[in-house]
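Rule-based calculations on the coordinates, nothing more; no lab input. Here the structure is a predicted model, which means the values were calculated and not measured. Counting neighbours? That spans all protein chains shown, and the Cβs are built from the backbone with ideal geometry, glycine included.
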Amino acid sequence: MKIKIILLAALLSVCSFSQEQKFADLGDLKLISGEIIKNCRIGYRTAGVLNESKTNVIVYPTWFGGKSESIINVSGRLLDTTKYFIIAVDALGDGVSSSPSNSPEQRDSLFPEITIKDMVNSQYELLTRIMGLNHIHGIIGGSMGGMQVFQWVVSFPDYMNKAIAYVGTPQLTSFDLMLWRAEILAIEQWEENGGDRVALAEVISTIHNLLITTPEQKNQKVDRNSFEKYLEDLHTGFRKSFEPYNWKRQLSAMCAHDISVDGSLQAAAERIDTDFFIIIGSEDLIVNPVPASEFADKYKFRKYVFGNNCGHLAPGCEFEVFAGLVKSFFEENTLN
């Protein structure tokens with residue numbers, strides 16, 4: 001499974017205007033745990049032009065396992081780059097920003113555990129200290145990127161005017177945790193007992209792809225007679241990009257994700273001081289939609305529900321509708 005399958009890019013024929021990969025050196029980054037990522041680097045790409053007043057910035061963090069190259073391509077169809085300055089940010093652990101696979105001093109298992117909040121803190125450092133942006137127009141993210149958006153609006157509630165979290169969540173359900181823990185257990189078994197890294201990649205990709213869409217959609221798209229070829233293609237694509245320690249660190253970050261303040265979701269909601277739009281897929285089996293839906297309803301944030309059978313990929317299956325929602329939301333209260 002190619003990483004792009006994880007979200008929209010699997011379903012889009014995106015324009016290819018990827019900007020060059022850039023890096024920001026943050027120095028030693030202190031994590032929520034108290035541990036340090038030594039010589040932390042954050043990767044990012046940009047598209048569009050920053051206006052003189054710096055009021056047209058939209059930040060787009062990566063989904064689970066994704067990279068800014070894929071994000072910047074998706075954003076080309078989702079956002080107007082003649083109007084907005086898009087900053088696609090590589091999350092910690094994605095293999096571009098500081099990660100187990102690329103850390104000179106903390107490689108593989110030596111790389112510290114990270115959280116969604118650590119990802120957000122590193123991005124805040126990039127935007128404020130390195131790029132000199134004291135306020136931005138908006139932020140958008142899907143899946144793990146949506147989790148980062150949920151954390152952004154709580155950690156830095158007055159930093160942006162608008163925020164969109166799609167197929168994300170304020171905290172994981174038990175069902176979500178069962179999926180992610182299964183993948184973590186598979187990696188830990190490989191760590192402890194050794195074995196074929198290729199075989200591990202095949203196990204992980206099979207588990208992960210199982211719930212990307214609904215059973216109905218999977219059966220519609222994959223004929224039983226062509227299943228073996230489908231599975232081989234899935235494994236072939238995934239083997240090219242799979243880094244088990246990167247995967248495990250981001251999995252653990254999602255498992256620990258919870259935007260509650262002192263154990264209270266209400267306290268978290270009361271901190272949010274931005275126009276917040278929550279988009280979900282009603283049949284999502286990768287990130288259970290109930291917590292996001294209930295959070296939107298209870299605390300009066302905007303919500304849109306895709307009711308198709310595409311599961312976690314629901315926005316991509318109705319991309320024109322999705323793009324229209326995003327466009328309208330960010331264009332309300334016209335930019336200066």
Point to revise | Farthest positive-ward along segment 145-230 dipole, Cα basis, beta-carbon charges - from 173, 190, 149 | key: 149
Study note, to complete from the structure: The residues 160, 119, 131, sorted from fewest to most surrounding Cβ atoms within 10 Å, come out as 131, 160, 119
Check your understanding: Among 54/240; 117/327; 22/54; 248/327; 117/162; 298/327, which pairs are too far apart, with a Cα-Cα distance over 29 Å?
Key -> 54/240; 248/327
Review point. Taking the Cβ of residue 210 as the center, what net charge do the other residues with Cβ under 15 Å away carry, scoring Lys and Arg +1 and Asp and Glu -1?
Key: -3
Review point. With a 10 Å Cβ neighbour count serving as the proxy for reagent exposure, in which order, fewest first, do 62, 236, 214 appear?
Key: 236, 214, 62
Practice item. Report the residue, chosen from 111, 23, 85, that carries the largest GNM mean-square fluctuation when the chain is represented by alpha-carbon nodes joined by springs under 10 Å. Key: 23
Revision key, fill the gap. Within the set 161, 102, 193, GNM on the chain using Cα springs under 10 Å gives the largest fluctuation to 193
Revision key, fill the gap. By the Cα gyration tensor axes a ≥ b ≥ c (a/c under 1.5 gives rounded; else a/b larger than b/c gives prolate, otherwise oblate), the shape of segment 247-336 is oblate
Check your understanding: Can you give the calculated 222 nm mean residue ellipticity of the chain, where each DSSP H run of n ≥ 4 adds -39,500 (n - 2.57) and the sum is split over every residue, rounded to the nearest 500 deg cm²/dmol?
Key -> -12000 deg cm²/dmol
Exercise for review: Give the Rg/Rh ratio for segment 146-297, taking Rg as the radius of gyration of the Cα atoms and Rh as the Kirkwood radius, to two decimals.
Suggested key: 1.04
**Study point:** Pairwise centroid distance, computed over Cα atoms, of segment 27-97 with segment 274-336, Å
**Key:** 21 Å
Study note, to complete from the structure: The answer for the net charge of residues other than residue 152 whose Cβ lies under 15 angstrom from its Cβ, with Lys and Arg +1 and Asp and Glu -1, is -3
Practice item. Arrange 233, 275, 28 by Cβ neighbour counts within 10 Å, fewest through most, would you? Key: 28, 233, 275
Practice item. Note down the relative contact order for segment 126-256 as a percent, whole number, built from C-alpha pairs under 8 angstrom at least six residues apart. Key: 22 percent
Point to revise | Sequence-separation-based contact order of the chain, relative, with Cα cut under 8 Å and 6+ spacing, percent | key: 20 percent
**Study point:** Test item: Cα-centred dipole of the chain, Lys/Arg +1 and Asp/Glu -1 on Cβ, debye
**Key:** 560 debye
Review point. Counting Lys +1, Arg +1, Asp -1, Glu -1, what net charge surrounds residue 243 among other residues with beta carbon under 10 Å of its beta carbon?
Key: +1
Exercise for review: List every residue whose amide H lies under 5 Å from the amide H of residue 64, counting only residues 5 or more places away in sequence or on a different chain, with H placed 1.01 Å from N in the peptide plane.
Suggested key: 144, 145
Review point. In a solvent-free Debye calculation with one equal scatterer on each Cα, what is log10 I(q)/I(0) for segment 115-180 at q = 0.23, 0.27 Å⁻¹, listed in the order of the q values?
Key: -0.97, -1.23
Point to revise | Dipole magnitude of segment 96-226, debye to nearest 20 (Cβ charges: Lys/Arg +1, Asp/Glu -1, about Cα centre) | key: 520 debye
